[in-house]
Each structure stands twice: as C-alpha cells, then as structure tokens.
1. Restricted to the range 88-111, and to residues that are small (G, A, S) and more than 17 Å from the chain's Cα centre (by Cα), which residue is surrounded by the most Cβ atoms within 10 Å (Cβ to Cβ)?
2. So which residues in the range 55-88 are modelled with pLDDT of 95 or more and among the acidic types (D, E), if there are any at all?
3. Do we find that K19 is surrounded by fewer than 10 Cβ atoms within 10 Å (Cβ to Cβ), within 26 Å of G123 (Cα to Cα), over 15 Å from the mean Cα position of the chain (by Cα) and not β-branched (V, I, T) in this structure?
4. Mind listing whichever residues of the range 75-134 are in a loop (DSSP other than H, G, I, E, B), in contact with a strand residue (DSSP E or B) (Cβ under 8 Å, 6 or more places away or on another chain) and not hydrophobic (A, V, I, L, M, F, W, C)?
5. Within the range 36-44, is there a residue that is of a type in the set (K, R) and either touching a strand residue (DSSP E or B) at 6+ places or on another chain (Cβ under 8 Å) or modelled with pLDDT of 95 or more (or both)?
6. Output the residues belonging to the range 60-87 that are closer than 30 Å to I17 by Cβ and surrounded by 14 or more Cβ atoms within 10 Å (Cβ to Cβ).
7. Out of L25, L33, I need the residue that is under 16 Å from the mean Cα position of the chain (by Cα), more than 29 Å from L126 (Cβ to Cβ) and surrounded by 11 or more Cβ atoms within 10 Å (Cβ to Cβ). Which one?
8. Quick one: what pairs do we get from the range 112-134, first residue exposed (fewer than 14 other Cβ atoms within 10 Å of the Cβ), second outside any helix (DSSP H, G or I) and acidic (D, E), C-beta under 9 Å, 6+ apart or different chains?
Amino acid sequence: MKEVRILTLDNRGRIVIPKLIRKSLGITSRSQLMMVADSETKEIKIVPMGLGSESVKYKILMKDQVGALAKILSVFGTRGISLVYEETIVVAKDETAICTLIGPSPSPEIDLEIFKQILKDEGEALEVEIIPLE
C-alpha cells in the first residue's frame, strides 16, 4: 500500500514522518534512514535501513583506474559482507578516487585492523578508514 503525504519543513529543515507511516514501515526512534537526493530531478528518497549496531562506514582511497572498484568490492563479496551504500568520487583523474561504503562490520573473527590490511592487499586500497555508525 502506498501512502502519499505533503510534509512541511520546520525552520531547522526537519520533517516529521507521520505516525501511521512510521508504524507501517516499522520505523522507531532508533531507526536509521538513508536519504538520497537527486539535484537534477529535484527528488528526495528516504529509505529505512536494516543497519544494526555493528554497522560501519568504510572510506577507502584507491587508484582511479579500470577495475579498481571491482577489486575493492570483491573483498567484501568473498567474505559475505552485503553493503547497503556505495559512492565513489574521483579525487585526481587517472590517479586516485575515494570510495565510501556502508555495511556491516566484518565477522567478529576478523579484527578491523586485519580487515584494513586485507583491503590493501587483496583490494589494492591505498588507505582505509573504518568509522562505526551510532
């Protein structure tokens, strides 16, 4: 069932998601939402995220070359880590790019420092930062 509502921003840019919609989507005060804004079409999409407390943001500096992103993503895929968000921005054409990913932390058996090294070794990442989401 689709619900359509017209919402108003307050003076701080906030919106209130109506209770009926929150209830039907299972959104609580602790829920995390992802907002995607498209400046070309002037559309905003807000999607409830199934992120647990162990979710993290991965910021990865990589080479800007064909196949570099595939190597990074294959590290996650071979370990069964299902990502919910990916964005890559070129920093210097044909030199470096930054890939930002959001998903679960690797399994408890893999230390985050070890996983960073795996991303560097197998994924050819230049630098890796892992930031817990709260």
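The values are calculated or read from the model by the stated rules, or taken from the named source; none is laboratory data. Because the structure is predicted, anything quoted here is derived from the model rather than measured. Note that we place each Cβ from the backbone using ideal geometry, even for glycine, and neighbour counts take in every protein chain shown.
1. S107
2. Within the range 55-88, just D64 meets the criteria.
3. no
4. Correct list: S82, E95, S105, G123, E124.
5. no
6. I81, V84, Y85, E86
7. From the options L25, L33, the qualifying one is L33.
8. Partner pairs satisfying both residue conditions: P132/E54.
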